[in-house]
Amino acid sequence: MGASAGGKGKSSDNKGTNTILMAAAAGTGVSGCLLFPVIILILLAGVLVVCAIGFFFWPLVIICSIFGCGGGDGEASVDNDRVSEVFASDGRGELNEAAVPAGYLEYVKDAGQECDRIGSMIIAAQIQQESQWNDKLVGVNGKKGISQLPPDKFDEFGEDDNDNDDTSALDAGDSIMAQGRYLCSLSGEIETLVASQQVTGDQLDLTLAAYSLGLDAVKKAKGVPAEGGAQSYIYGIRSSFAIYSDAIKLPEGESYPTISPLPTGSVSTPPEGGQ
């Protein structure tokens, strides 16, 4: 009887873990094979947070087998406590600048300073989610560029931020700064809705859901919509906090890989200034 119960418990835990992994994969926009170690890293970072206690340490072992751990020469440093902490945070912690492609870093930092409700770590993690740092990505429903804003929102929030006399969603600077302004606008509206109890939930989660599905969808659901992929979208971004914070550090001089392949059906070219 005891063995049977233990087997059922283990089966249930495994099923839960598989569900988490599938949600994370959907959230990070991965299609096809897991081609780069960072994909596994993102998936397992989330698992560290939400798995049962019996599964807490095995993902860290796998991460260490990929990157090497311990903080010595040539080894990555993975702080599993910080992985959990930043996953559940408001995303306004210090940005791991080394994880951001150099050509985009200043825009990411500036966009994260548009308001005190949105930080640079959120900007970077959302770009990872939206385009995998591809500034020439053409997505669905007319979305273009590194931040994949809806066309009407880019028209509203886009400016000539790199002073080249052209405002374009396919210009990384214009797109990232518009992303920051739009997120700040959304977070302000969400703050008002939460205060008036028209919606409930974590303010960052609600803001990200509104970016993905629109503010009206959040209002209608009175929180994060259960449909439309909002939950996996949020999960994917939060999982990336492990990379864009101080939770995971690679040795000096080593590059942080980005997720590949790009979303199915997209038209794109490799990112400028990427790694």
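The values are calculated or read from the model by the stated rules, or taken from the named source; none is laboratory data. Here the structure is a predicted model, which is why all the values come from computation and not from measurement. Glycine also receives a Cβ, built like all others from the backbone with ideal geometry; neighbour counts cover every protein chain displayed.
So SER196 passes all but one of these: (1) at pLDDT 75 or above; (2) surrounded by 18 or more Cβ atoms within 10 Å (Cβ to Cβ); (3) out of contact with any Lys or Arg (no Cβ under 9 Å at 6 or more places or on another chain). Which condition number does it fail?
(2) is the only condition that SER196 fails.
State which residue pairs qualify: first residue at positive phi and inside the range 199-221, second residue surrounded by 23 or more Cβ atoms within 10 Å (Cβ to Cβ) and not in a helix (DSSP H, G or I) in any location, beta carbons under 9 Å apart, and separation of 6 or more residues or different chains.
Going by the 9 Å Cβ cut-off, the qualifying pairs are GLY201/VAL224.
Which condition does GLY229 not pass, out of (1) surrounded by fewer than 23 Cβ atoms within 10 Å (Cβ to Cβ); (2) at pLDDT 95 or above; (3) more than 13 Å from ALA111 (Cβ to Cβ), if it passes all the others?
Condition (2) is where GLY229 drops out.
Which ones in the range 158-185 are touching a residue at least 40 places away in the same chain (Cβ under 8 Å), surrounded by fewer than 24 Cβ atoms within 10 Å (Cβ to Cβ) and part of a helix (DSSP H, G or I)?
Listed by number, the residues that qualify are GLY173, ARG181, CYS184.
How many residues does the range 114-154 contain that are over 15 Å from ALA178 (Cα atoms), surrounded by fewer than 19 Cβ atoms within 10 Å (Cβ to Cβ) and hydrophobic (A, V, I, L, M, F, W, C)?
Going through the range 114-154 one residue at a time, the tally reaches 2.
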